[in-house]
Amino acid sequence: QVQLVESGGGLVQAGGSLRLSCAASGRTFSNYAMGWFRQAPGKEREFVAAITRGGGNTDYADSVKGRFTISRDNAKSTVYLKMDRLKPEDTAVYYCAAPKVSWAWGRQNFDYWGQGTQVTVSS
């Protein structure tokens, strides 16, 4: 059974930084792409970033491009999201996500979700 556990959220001032972590278990981590999504109050969940199995390719939402960096450590079965120059509009619950199949890549191909971690950016 795939389990995803996020950590690292919190309260930060605008312009500050946070690093989120997601520890995965239940299967061979390095065989799967990984992603981050977020959901703000009253809004639908949206894609933030994704990274391929080996880490050689990444994808970002336009709203975070140049400010957020996704990375992974396959030896630790962990994916990270470094968030810099945070803005109040980045406030949301952030979710780690993984696809069901090892060949899946793309913003729509995520099936497993963590419980989420709250990120609040004050102005």
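The values are calculated or read from the model by the stated rules, or taken from the named source; none is laboratory data. What you are looking at is a predicted structure, and each value in this text was computed from that prediction instead of being measured. Remember, those area values only see protein heavy atoms, side chains included, never the ligands or the DNA or RNA. Shrake-Rupley method; radii C 1.70, N 1.55, O 1.52, S 1.80 Å.
Check which residues have an amide H placed less than 5 Å from residue 68's amide H, if you skip close sequence neighbours.
Placed amide hydrogens put 84 under 5 Å from residue 68.
So if each residue of separation counts as 0.36 nm, and I subtract the Cα-Cα distance between residue 73 and residue 30, what length gain in nm does that give?
Numbers: separation 43, 0.36 × 43 = 15.48 nm, distance 0.87 nm.
Roughly 14.6 nm would be gained on extension.
Return the lysines within reach of residue 87: Cα separation strictly under 25 angstrom, same-chain partners fewer than 8 residues apart disregarded; answer none if there are no such residues.
By straight Cα distance, residue 87 reaches 43, 65.
Counting only protein heavy atoms and a 1.4 Å probe, tell me what percentage of the chain's accessible area is made up of carbon and sulfur. Before the final figure, lay out the partial values.
Working: 2810 of 6340 Å².
So the carbon and sulfur contribution to the accessible surface is 44 percent.
Note the full-extension length gain between residue 109 and residue 122 as 0.36 nm times their separation in residues minus their Cα-Cα distance, in nm to one decimal.
On the way: separation 13, 0.36 × 13 = 4.68 nm, distance 3.22 nm.
That works out to 1.5 nm of additional length.
Just to check I understand the Karplus step: with θ = phi - 60° and J = 6.51 cos²θ - 1.76 cosθ + 1.60, what whole-Hz values come out for the stretch 76-84, glycine and proline as x?
After applying 6.51 cos²θ - 1.76 cosθ + 1.60, I find 9, 6, 9, 10, 10, 9, 8, 10, 10 Hz.
So who's got an amide H within less than 5 Å of the one on residue 16, skipping anything under 5 residues away but keeping other chains? H placed 1.01 Å off N, in plane.
Excluding prolines and chain starts, which carry no amide H, the hits are 86.
Excluding residues on the same chain fewer than 8 positions from residue 76, give the aspartates and glutamates whose Cα lies under 17 Å from its Cα.
Residue 76 reaches 6.
Classify the chain: rounded, prolate or oblate, from the alpha-carbon gyration tensor (a ≥ b ≥ c, eigenvalue square roots; a/c under 1.5 rounded; otherwise prolate if a/b is larger than b/c)? Working shown, then result.
Details: a/c = 1.72, a/b = 1.69, b/c = 1.02.
Judged from the Cα gyration tensor, the chain comes out prolate (a/c at least 1.5, a/b above b/c).
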